[in-house]
Amino acid sequence: MPMEHVDGEDKGKIVLFALSTCQWCRKTRLLLEELEVDFSYIYVDLLEGEERSEIIEEVKKYNPQLSFPTLVLDDGEVIVGFNEEGIREALA
């Protein structure tokens with residue numbers, strides 16, 4: 001997976017599946033940066049071919065509706081959509 005990585009405080013593995021054109025995805029990424037946590041993210045819409053298909057199947061495991069942003073936390077918690085309170089609480 002061609003993930004981008006942002007260094008920060010280790011709160012376990014955090015992965016953000018996002019779209020490059022989605023304002024809510026951008027807000028989620030900026031919130032994670034503001035919270036200064038270590039996370040990885042990937043813009044699904046910028047992928048092509050087999051790589052894109054694989055990532056879409058991965059996202060569907062966590063979020064069958066395939067909506068974005070989809071934030072997957074180390075403890076198995078999944079936060080779909082921009083939920084500032086939920087994200088802050090999960091990473092407190």
Could you work out how far helix 49-62 tilts from the main Cα principal axis of the chain, as a 0 to 90 degree angle to the nearest 10?
50
Can you tell me, using C-alpha contacts under 8 Å and at least 6 residues apart, the relative contact order of the range 4-90 as a whole percent?
36
Any idea what the relative contact order of the range 50-92 is, in percent, if you count C-alpha pairs under 8 Å spaced at least 6 apart?
24
Just to confirm my numbers, what's the Cα centroid distance between the range 57-92 and the range 21-50 in Å?
12
Checking the cross-link filter: which lysines have an alpha carbon closer than 23 Å to that of Lys11, excluding same-chain neighbours under 8 positions apart?
Lys27, Lys61
Against the longest principal axis of the chain, how steep is helix 23-34, in degrees 0 to 90 to the nearest 10, with axes from Cα atoms?
40
Fraction of alpha-carbon pairs over 15 Å apart in the chain - percent
55
Which one of Gln65, Tyr41, Gly8 has its Cα pushed farthest toward the positive end of the charge dipole of the chain, where Lys and Arg give +1 and Asp and Glu give -1 at the Cβ?
Gln65
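Computed from the coordinates by the stated procedures, all read-outs in this text should not be read as laboratory data. Values in this document were obtained by computation on a predicted structure and should not be read as measured data. As a convention, Cβ positions derive from the backbone with ideal geometry for all residues, glycine included, and neighbour counts pool all protein chains shown.
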